[in-house]
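Undergrad: Provided herewith is a single structure, encoded as structure tokens, for subsequent inquiry.
Please treat every number below as a calculation from the coordinates, not as lab data. What you are looking at is a predicted structure, and each value in this text was computed from that prediction instead of being measured. Heads up, the Cβs are rebuilt from the backbone with ideal geometry, glycines too, and the neighbour counts pull from every protein chain shown.
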Amino acid sequence: MAVTLPKAAKAAHGAGRSRLGPRALQIGLPILILVSWELVYRVTGDMALASPVQTWNTLLDGFRRGWLVRGLHETALALGGAYFFSVVLGVGLGVLLGIHGFSRQVFEPLVLTVYSIPKVTLYPVFLLFLGLGLSSKIAFGAFHGLFPVAIFTMSAVKTIRPVYLKVAAVMGCSPWQTFRTVVLPSVLPSLFTGLRTGFSLTFLGVILSEMFASRQGAGYLLMQAIGLHDVPRILAVALLLIAFALLVNTGFLVVETRLRRRFGQRDDGAGSPAG
């Protein structure tokens with residue numbers, strides 16, 4: 001007992017330190033960024049950078065006068081439509097390629113090749129067929145997000161062991177029971193990873209389309225501010241987009257971690273296209 005107690009106390013102390021470290025970093029990192037931002041601003045001046053206070057005041061002005069709200073509304077419409085199509089088409093394509101081996105052998109190299117192409121080079125094609133407006137932004141954003149969703153879904157579906165499906169059939173499970181008890185637990189965690197990656201790339205595609213060929217949206221506001229060299233507005237729009245992306249990505253990560261714990265999968269990159 002005399003030996004066990006010090007070891008237990010040491011282990012508890014180590015566990016407490018391990019929990020304190022990430023929490024302190026989460027709290028201290030934003031403070032460090034703000035302090036560093038202010039110091040760099042004082043060195044460079046207004047022509048190169050805006051202070052945190054100036055950026056915050058510009059952000060409040062955008063909400064108060066409405067120009068930022070209108071831009072975000074347009075971006076939200078395009079992002080919602082683009083993500084819907086990327087999920088529906090990506091999951092459908094991924095399930096098809098995952099189930100049918102012949103289709104996978106034929107189309108998987110094509111999907112991976114298109115996924116690796118810098119898609120901004122194809123945006124003139126979208127403008128040619130769809131013109132300026134919401135439809136081209138939705139199509140271009142969906143084109144960005146479709147492929148990671150399809151690849152992760154395909155990787156998850158093709159790794160389901162056939163013996164599980166055979167056991168479900170022997171036990172007399174209905175198609176719905178087989179899907180709920182065998183397919184869904186095997187596919188859902190990796191599928192959610194694809195949905196998270198697909199959202200990030202869909203968001204990127206929508207913002208790029210607004211930056212290069214649009215008269216509305218957050219991307220257009222950003223390019224307009226760059227053209228006018230309005231540094232506080234540039235930082236205000238950029239920081240708002242970054243904050244939104246981080247918030248959504250954090251939400252996806254929380255749900256994804258819970259799914260992996262619930263269905264007994266480790267967060268070790270299973271289902272990754274690179275694997």
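Undergrad: Along the charge dipole of the stretch 59-262, which of GLY94, ALA156, VAL167 sits closest to the positive end, that is, farthest toward it, with unit charges on the beta carbon of Lys, Arg, Asp and Glu (+1, +1, -1, -1)?
TA: Value computed over the given set: VAL167.
Undergrad: Quickly rank 184-192, 222-230 as a protection proxy: mean count of other C-beta atoms within 10 Å, highest first.
TA: Descending mean neighbour count gives 184-192, 222-230.
Undergrad: On the principal axes of its Cα set, how long, how wide and how thick is the stretch 59-262? Give whole Å, largest value first.
TA: 68, 36, 23
Undergrad: Something else: When you count, for each residue, the other Cβ atoms within 10 Å and take the mean per peptide, how do 209-218, 55-64 rank with the highest first? Write down the numbers at each step before the final one.
TA: Working: 209-218: 21.2, 55-64: 16.1.
Ranked from most to least packed, the peptides come out as 209-218, 55-64.
Undergrad: Separate question: With an 8 Å cut-off on Cα pairs and a minimum separation of 6 or more residues, tell me the relative contact order of the stretch 97-209 in percent.
TA: 39
Undergrad: Okay, next question. In the stretch 194-232, which residues have a backbone nitrogen under 18 Å from the label point lying 7 Å from THR250's Cα in the Cα-to-Cβ direction?
TA: 196-197, 200
Undergrad: Same structure, new question: For a protection proxy built on the mean count of beta-carbon atoms within 10 angstrom, sort 236-242, 150-156, 105-111 highest first, please.
TA: 150-156, 236-242, 105-111
Undergrad: Counting Lys and Arg as +1 and Asp and Glu as -1, each charge on the Cβ, what is the dipole of the stretch 59-262 about the Cα centre in debye, to the nearest 20?
TA: Working: 17 positive and 6 negative charges, 128 e Å.
Value, rounded to 20: 620 debye.
Undergrad: Find how many whole Å separate the alpha carbon centroid of the stretch 74-114 from the alpha carbon centroid of the stretch 165-184.
TA: For the stretch 165-184 versus the stretch 74-114, the Cα centre distance is 25 Å.
Undergrad: I need the calculated FRET efficiency for the pair ARG261 and SER103, taking r as the beta carbon distance and R₀ as 35 Å, to the nearest 0.05.
TA: Computed FRET efficiency for ARG261 and SER103: 0.60.
Undergrad: Debye sum, Cα scatterers, the stretch 130-200, no solvent: what log₁₀ I/I(0) at q = 0.13, 0.26 1/Å?
TA: Here the Debye-derived log intensity ratios amount to -0.51, -1.04.
Undergrad: Can you put HIS144, HIS100 in order, fewest other beta carbons within 10 Å first? Write down the numbers at each step before the final one.
TA: Details: HIS144 24, HIS100 13.
Least crowded to most crowded, the residues run HIS100, HIS144.
Undergrad: Moving on to the next point. Rank these for me by crowding, ARG70, ARG233, ARG261, going from fewest to most other beta carbons within 10 Å.
TA: Ordered by Cβ neighbours within 10 Å, fewest first: ARG261, ARG70, ARG233.
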